[in-house]
Amino acid sequence: MAIERTLSIIKPDAVAKNVIGKIYSRFESNGLKIVAARMRWLSRAEAEGFYAVHRGKPFFNDLVTFMTSGPVMIQVLEGENAIAKNRELMGATDPKKAAPGTIRADFAQSIDANAVHGSDGPDTAKAEIAYFFPEMEVYSGR
Ligand code: RTP
Ligand code: MG
């Protein structure tokens, strides 16, 4: 199976709940290595640019307001099948529908404040990683 990289964001609700370490531990114990990381408080323009694919959707404004409501922890995860693996660990977008034991089931309270972001495919992973990290600041775990 291919070694992949994916972009993960621990959203403002989970940072405020002080569970960055608990979420990192799930990545690490499931074969995902943190190969870049930074804490940032996103500007509105940065959040709008990051979620540009959702521009025009009814939830876009609330999403951007939420993502700029406090600091976020942004990381690149590397490992076998990292994109799908991270999505599996995150659980469904709506925490009420997320499988037991997933990050969203355990740490999120609503579809808006849903604890984590993860890239949804190889193209978005590449673009999202480049949005936050120059290539020289991503350290291969191998
Ligand atoms: P994310 O991009 O944050 O990892 O979440 P996702 O792939 O599971 O969900 P996506 O469809 O990409 O939506 C991005 C974020 O927008 C909010 N959302 N609200 N009210 C709604 O119907 C609705 N749909 C999406 C969620 O906070 C979701 O994480
Ligand atoms: Mg998404």
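Values quoted throughout were computed directly from the atomic coordinates according to the rules given, and no laboratory measurement underlies them. Bear in mind the structure is a predicted one, so any value in this text is a computation, not a measurement. Neighbour counts run over all protein chains shown; Cβ positions are idealised from the backbone, glycine included.
Odds and ends about this structure:
- Under the Karplus curve 6.51 cos²θ - 1.76 cosθ + 1.60, θ = phi - 60°, whole-Hz ³J(HN,Hα) for the range 125-138, x wherever Gly or Pro sits: 4, 4, 5, 5, 4, 5, 5, 10, 10, x, 3, 6, 9, 10
- Using distinct alpha-carbon pairs, which all enter the 1/r mean, Kirkwood radius of the range 1-61 in Å: 13.9
- Added length on full extension, which subtracts the Cα-Cα distance from 0.36 nm per residue, ASP62 to MET1: 18.2 nm
- When the square roots of the Cα gyration tensor eigenvalues are ordered a ≥ b ≥ c, the ratio a/c for the range 42-138 is 1.5 or more and a/b does not exceed b/c, which makes its shape oblate.
- Extension reserve of the SER110-SER29 stretch, reckoned as 0.36 nm per residue once the Cα distance is removed: 26.6 nm
- For a straight C-alpha distance cut-off of 18 angstrom, the lysines reachable from LYS96 (same-chain residues fewer than eight places away being disregarded) are LYS11.
- Residue-averaged 222 nm ellipticity for the chain, from DSSP H runs of 4+ at -39500 (n - 2.57), nearest 500: -10500 deg cm²/dmol
- Modelled label positions at HIS54 and SER140, each set 7 Å beyond Cα in the direction of Cβ, lie 3.3 nm from each other.
- When each of TYR139, TYR51 is scored by the number of other beta-carbon atoms lying within 10 Å, the sequence from fewest to most is TYR139, TYR51.
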